[in-house]
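Take a look at the structure set out below.
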Amino acid sequence: MIRTEPVYDESDEYRPEPPPIVLPPAWQDGSFRVGIHTSIAGDIASALDTASKLGANALQIFSASPRMWPRGSSRIADADAARFRARREELGLGPLVIHDNYLINLACPDRVMRTRSIQAFHDEIIRAVSLDADFLVAHPGSCLGTPVDQAISEIADGVRHAAKGVKLGRLRILIENTSGMGSAVGANFEELKSILDLTRDLPMGICLDTAHMFEAGYDLTTEEGLEATLAAVDRTVGLHRVYVLHVNDSKTPLGSRVDRHENIGFGKIGLKAFARILNHARLSPGAQGLPGRAFILETPIDEPGDDRRNVRALWNLLGVSVKDAPKAVDGFSMTKGPKKAKPLTQRTQSKTNDKAKSKTKKKTSIASKQI
């Protein structure tokens, strides 16, 4: 019997499978992303169709009531979350930004309220992950008499506790700047930087609100003021960590520290300033190595169509024609009629109607004018 040596075949060698390549979200294609905060009333998935009908290609929502503490389970049913994700993919919307509950205050000195805030923020993270959100925007909180440094430490610690044990996936938590109203933390960029420095173990970033910056004293109305503001952002938190901009005009003047949003071009910031902001090279898609950046509206709807007109105004300011922008549904609005007011005399009512018509005409002109 002749013995033969076994033949070595390289194909028999075990080779572990390479890790799958994680592809970036479809919305990170270098294009401008213009979104608006839409309502989840009735059905959470309807918020997606609302954004699409308004001519947006991105959106922000609350994942639950923003002014109530949750009672019982606040999780989103798996079937509803799956339907939401599927519909979002069909409509090609992104990024999806979720704003947290207004009652949450991670800096609260009251231990019971702070514990409640941490639990509520944990629930926000869980819901955001279930919807496959890209960003969760959070207000830092109010110190309520606590030294600011201590409040910042409490905020960072609260975020870490809320995120503990959660697989965040691609979700990034964004801290939003504030107007500085009351004892709110985050009116200056140095405070935002301190929060980021204390949460380096988490995927964090910044959401900048134009109205809040202006109300906190950062002058965005001039070219020099905008350059100085962006330089201050870059020197502290870094522009590469600004993933979302809330694009809002302000009803209150520079440095008022009073948070009141206004329709684009009708506030103290003005249309020319927004044209500079939206078209600034350091804020454009791909700037600072970011694969995408979203401009999200949180403007009021004083009259039906204000929401659609604000979206159109941003596309116009970006130089994107009606033909090239996402198509809006003519006449669509999140509100069906004007806000209810106290009864007026016939003469006063007539003057009010004339003023409203004039304002609507001006808004339509801004939305339709090609900048």
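Quick look at the values:
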quantity: Cross-link pairs beyond the 23 Å C-alpha cut-off, checked among 53/272; 53/323; 251/272; 53/336; calculated: 53/272
quantity: Extension reserve of the residue 43-residue 77 stretch, reckoned as 0.36 nm per residue once the Cα distance is removed; calculated: 11.1 nm
quantity: Paramagnetic reach from residue 167 (point 7 Å along Cα→Cβ, amide N under 20 Å) across the stretch 109-128; calculated: 122-128
quantity: Under-5 Å amide H pairs with residue 207, H placed in peptide plane, nonlocal only; calculated: 175, 176, 177
quantity: Stretchable slack from residue 288 to residue 190, in nm (0.36 nm times residue separation minus alpha-carbon distance); calculated: 33.3 nm
quantity: Cα gyration tensor, the stretch 25-368 - rounded (a/c under 1.5), prolate or oblate; calculated: rounded
quantity: Set of the stretch 174-190 residues, backbone N closer than 12 Å to the point 7 Å along the Cα-Cβ line of residue 202; calculated: 174-176
quantity: Förster radius 22 Å - calculated FRET efficiency between residue 26 and residue 329, Cβ distance, rounded to 0.05; calculated: 0.45
quantity: Difference of contour (0.36 nm per residue) and Cα-Cα distance, residue 153 to residue 234; calculated: 26.9 nm
quantity: Cβ crowding within 10 Å averaged over residues, with 159-171, 139-151, 309-321 ranked highest first; calculated: 309-321, 139-151, 159-171
quantity: Förster radius 25 Å - calculated FRET efficiency between residue 275 and residue 302 (Cβ-Cβ, nearest 0.05); calculated: 0.65
quantity: Residue among 175, 133, 156 farthest towards the positive dipole end of the stretch 25-368, charges placed on Cβ; calculated: 133
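Rule-based calculations on the coordinates, nothing more; no lab input. Treat the numbers as computed from the prediction; the structure is a model and nothing was measured. Backbone-built Cβ (ideal geometry, glycine too); neighbour counts: all protein chains shown.
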